[in-house]
Amino acid sequence: MHELAITQGILDLVTEHAAAAGAARVTAIDVVVGEMSGFLPDSIQFYWDELSEGTVARGATLRFRRVPLRLACVDCGSLFPPGDGCFDCSACGSPRVRVAQGRELRVESIDVEETA
C-alpha cells in the first residue's frame with residue numbers, strides 16, 4: 001500500500017517539473033528502484049495508471065531500472081553482491097558489511113513534449 005503514496009510523490013514531482021519546463025505532455029519517466037527498497041514496479045505502475053489520469057503525465061510510460069543489492073565491507077572496502085544466505089565479505093570474510101546500493105528509489109529522468 002505504500003506504493004500509493006510513493007506513486008503520488010512521483011506524479012507530483014513529474015508534474016511540477018513539467019510545468020516549470022512548459023511541457024505540453026510527459027511521455028516517459030525513468031525510475032530507479034533498488035532491489036531492497038521495498039517498492040514493487042508493478043504496484044507503482046498500477047497506481048500510476050490511475051493517479052496520472054487527467055494530468056499532463058496521463059499515458060506516460062514508466063521505465064524501471066532495477067538496482068541489485070551490493071554490500072561494502074567495512075574492513076577491506078570490497079564491494080560485492082551477497083552470497084546464498086551469506087552476507088560476509090567475499091574478499092576477506094569479515095561480517096562487518098553495510099548496504100552500498102539497492103535501497104534506491106528516484107526519478108532519473110523525465111521525457112516531455114514541448115508546447116508548439
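Values in this text are rule-based calculations from the coordinates and carry no lab data. Since the model is a prediction, treat every value here as computed from it, not as a measurement. No Cβ is skipped: glycine too gets one built from the backbone with ideal geometry, and neighbour counts run over all protein chains shown.
Quick rundown of the values:
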quantity: Square roots of 5 times each gyration tensor eigenvalue, C-alpha, segment 30-116, largest first, Å; calculated: 37, 13, 8
quantity: Rounded to the nearest 20 debye, dipole of the chain from Cβ charges on Lys, Arg, Asp, Glu; calculated: 400
quantity: For the chain, built as a Gaussian network whose Cα springs stay under 10 Å, the top-fluctuating residue of Val32, Val74, Val99; calculated: Val74
quantity: Extension gain, Phe46 back to Val32 (0.36 nm per residue minus Cα-Cα distance, nm); calculated: 3.4 nm
quantity: Charge-dipole axis of the chain as Lys and Arg at +1 and Asp and Glu at -1 on Cβ define it, positive-most pick from Ala28, Ala5, Cys86; calculated: Cys86
quantity: Nearest-ten-degree value, helix 41-51 long axis tilted from longest Cα axis of the chain; calculated: 20
quantity: Förster radius 41 Å - calculated FRET efficiency between Ala24 and Leu79 (Cβ-Cβ, nearest 0.05); calculated: 0.45
